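See below for the structure under consideration.
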Amino acid sequence: MGIVRQDVAKLGAGWNKTLLNYALAMRALDALPISNRNSWKFLGAMHGFDAELWRGEELIGGTDTVPSELTDGTYGDQCQHGSWYFLPWHRGYLATFEAIVAAKVKELTGDDWSLPYWNYLDTTNADARRVPQAFLADKLPNGDPNPLRTYPRRTGLSVLQPGRRDAFSLAAVQENDFIVGNNGSIGFGGGITGDFVQFGGWTGDLENNPHNTVHRLIGGYMGDPRLAGLDPLFWLHHCNIDRLWEAWMSTPGKTMTRDSRWREGPADRPFLMPALGGADPGITFGGADTLKGGKFHPTYDNLTKGTGLVPGGVAVARVGMGPSHQQSVEPIGANASAVSVGSKPESSLVTLEPRATTAGVAAMGATTPGHTVTRLYLALESVRGEASAPQIDVYVNLPDGADPDAHPELHAGNLTLFGLNVASRPHGRHGGNGLGYTLDITELAQRLQQAGGFDPTKIRVTLVPGEHVSDDSPITVDKISVLKRVGIVS
Ligand SMILES: [Cu+2]
């Protein structure tokens, strides 16, 4: 029988057996040298690693030998973000981690163990957003220091507290396609890349929110991909993201990619995880290994609670736009130059092609099978900056000088740019191209249309700085465009 992953909220308050065993295993694994492939720090460095930063944080000391396989790209710095590999890579990473922790728990206590998930968007649980108490406690039940709070988080964190405009929701699951368009700029799963890239060009809906949002709300090490894997909460967060993907795939009307480049993994090198015990060879895998029947496919106790989905149930809400590969995505306008945002909001005019825009706006609400249906998106390309998880709000047609808070109807979305620092490093393996995001503005455009017309020649996009954006740490967006997605109502 395989192991079943459970909701941490159902395991009992405080030091339940699962979290106590997790703490004991973490303490043992974190005492191992970073050169050990099953050590806590080696596993964390697989997500992201920076020797200087780690020395500064005293995660590694003078006598520690950092194995070259963490710095030459073999095992270190592998986390896949901003691409269609985000979900499968993290699924393999979770399974590897879970096997290593479970073996340590077995050795220490004789108990079986599986990775729990943090179901923070479960509306049936009033305490869903509370950090499980065991991660905050000073001590273990026997009075020893609590390993689960070794690494820093946002000051005073006890509950995930989104701001007024924070995109902390399950809106992502409404998308029906894992990927659409030639480059995958739109979709649930992230943009297409053929090769191994730590940060690709397009962030998928689920990665954007709640994934990125929760990284920022936890803060501390969780707010930086080079440190995030060290926080034991990381794994419960990612376990929930992974469960949301599983729930989404199990729901009628949702379409996974069948692209061989996704199924096989990057063309230039396979994904690689350390074996239990750390001996060679490691475990290589591609996307297909994470799906049903694959070696990394997980089992969850529940795919309904806190997922916004009813797997196996009736297909939902949003009008189907036909098979993913038969839909098209085309730009219908762009701004003229890069925009930089510091401590004040910045606006940019996006010039639209009137004919394409008018046709796009007219078909937005189509519901009759066989008719053309469209959705409109704002695309922010090559977003760069130095902060690790800054936040911006995006508005459409916000009047000059207006208070953004007075215009929720013009709010296009909220972005946490998790990993912006790494994606912007000019010499990294990602090429320093920054991050890319698409925001669905279909409903917003419909509201504008109803409120007196949508000018088909232009829109004004305003970027409002949020957390971790300032004149000293600005965000630059190379290009803002509007994309029209076209399909046939199915
Ligand atoms: Cu993450």
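May I have the extent of the alpha carbons of the range 8-290 along their three principal axes, as whole Å values ordered from largest to smallest?
Taking max minus min along each principal axis of the Cα atoms, the range 8-290 gives 55, 46, 36 Å.
Report, in degrees rounded to the nearest 10, the 0 to 90 angle that the Cα long axis of helix 17-30 makes with the longest principal axis of the chain.
80
Calculate for the chain the 222 nm mean residue ellipticity that helices alone would give, adding -39,500 (n - 2.57) per DSSP H run of length 4 or more and normalising by residue count, nearest 500 deg cm²/dmol.
Working: 10 runs with 103 residues, N = 490.
The helix-only estimate for the chain comes to -6000 deg cm²/dmol at 222 nm.
Taking H as built 1.01 Å from N, whose amide H comes closer than 5 Å to the amide H of A412, not counting residues under 5 places away?
Long-range HN contacts for A412: V394, Y395, V396.
Would you mind calculating the gained length between L11 and S473 on full extension (0.36 nm times residue separation, minus the Cα-Cα distance), in nm to one decimal?
On the way: separation 462, 0.36 × 462 = 166.32 nm, distance 4.18 nm.
Gain on extension, L11 to S473, equals 162.1 nm.
Let me check I've understood the local charge: for N38, count other residues with C-beta under 15 angstrom from its C-beta, Lys and Arg +1, Asp and Glu -1. What total comes out? It would help to have the intermediate numbers written out before the result.
Values: positive: R27, R37, K41, K104, K106; negative: D30, E69, E98, E107, D280.
Neighbour charge sum, excluding N38 itself: 0.
Kindly give Rg over Rh for the range 324-488, based on alpha-carbon atoms, with the Kirkwood expression for the hydrodynamic radius. Kindly include the intermediate steps, with their values, before the conclusion.
On the way: Rg = 16.4 Å, Rh = 16.5 Å.
For the range 324-488, the value is 1.00.
Give the long-range amide H neighbours of L352: residues separated by 5 or more places, or on another chain, with amide H under 5 Å away, using H modelled in the peptide plane at 1.01 Å from N.
Amide H to amide H, under 5 Å and 5 or more residues apart or across chains, L352 pairs with K458, I459.
May I ask for log10 I(q)/I(0) of the range 1-149 at q = 0.08, 0.11 Å⁻¹, from a Debye sum over the Cα atoms as equal point scatterers with solvent left out?
The Debye formula, applied to the Cα set alone, gives -0.26, -0.50.
May I ask you to compute the full-extension gain from D144 to K458, defined as 0.36 nm times their residue separation minus their alpha-carbon distance, rounded to one decimal in nm? Kindly include the intermediate steps, with their values, before the conclusion.
Details: separation 314, 0.36 × 314 = 113.04 nm, distance 6.23 nm.
Going from the current span to full extension adds 106.8 nm.
Taking θ as phi - 60°, what are the ³J(HN,Hα) couplings along the range 105-110 by the Karplus curve (6.51, -1.76, 1.60), each to the nearest whole Hz, with x for Gly and Pro?
4, 4, 5, 7, 10, x
What's log10 of I(q)/I(0) for the chain at q = 0.06, 0.08, 0.12 Å⁻¹, Debye sum over Cα points only, no solvent?
Calculated log10 I(q)/I(0) at the listed q: -0.26, -0.47, -1.08.
What does the charge count around A128 come to, taking other residues whose C-beta lies under 12 Å from its C-beta (Lys +1, Arg +1, Asp -1, Glu -1)?
Details: positive: K10, R129, R130, K305; negative: D7, D122, D127.
Its environment carries a net charge of +1.
Can you run phi through the Karplus equation (6.51, -1.76, 1.60; θ = phi - 60°) for the range 372-378 and list ³J(HN,Hα) in whole Hz, with x for Gly and Pro?
5, 10, 10, 9, 10, 9, 9
Using θ = phi - 60° and the Karplus curve 6.51 cos²θ - 1.76 cosθ + 1.60, what whole-Hz ³J(HN,Hα) does each residue of the range 359-365 get, with Gly and Pro shown as x?
Ordered by residue, 3J(HN,Hα) equals 5, x, 5, 5, 9, 4, x Hz.
Find the lysine pairs in the range 8-290 meeting two conditions, Cα atoms under 27 Å apart and a separation of 8 or more places or different chains, and report how many there are.
Here the count comes out as 12.
Scan around Y117 for amide H atoms under 5 Å from its own, H built in the peptide plane at 1.01 Å from N, and keep only partners 5 or more places away or cross-chain.
Sorted by chain and number, the residues that satisfy this are Q6, D7, V8.
Rank by packing, highest mean first: peptides 457-468, 333-344, 225-236, with packing defined as the count of other Cβ atoms within 10 Å averaged across residues.
On the way: 457-468: 20.1, 333-344: 15.2, 225-236: 24.1.
Ranking the peptides 457-468, 333-344, 225-236 by packing returns 225-236, 457-468, 333-344.
Taking Rh as the Kirkwood radius computed over C-alpha pairs, what is the Stokes-Einstein D of the range 271-399 at 4 °C in a medium of viscosity 1.567 mPa s, expressed in µm² per second? Mind showing how you got there, number by number?
On the way: Rh = 20.6 Å.
Roughly 63 µm²/s, to the nearest whole number.
Taking K292 as the anchor, which aspartates and glutamates have their alpha carbon closer than 15 Å to its alpha carbon, excluding any fewer than eight residues away along the same chain?
Once the sequence-local aspartates and glutamates are set aside, what remains near K292 is D242, E246, E264.
Put one equal scatterer on each alpha carbon of the range 168-306, apply the Debye formula with no solvent term, and list log10 I(q)/I(0) at q = 0.09, 0.11, 0.17, 0.22 1/Å to two decimals.
Ignoring solvent entirely, the Cα scatterers give -0.29, -0.45, -1.15, -1.69.
A short reminder: the numbers here are calculations on the coordinates, not readings from a lab. Note that the coordinates shown come from a computational prediction; the quantities given were computed from them, not determined experimentally. Note: ideal-geometry Cβ built from the backbone for every residue, glycine included; neighbour counts use all protein chains shown.
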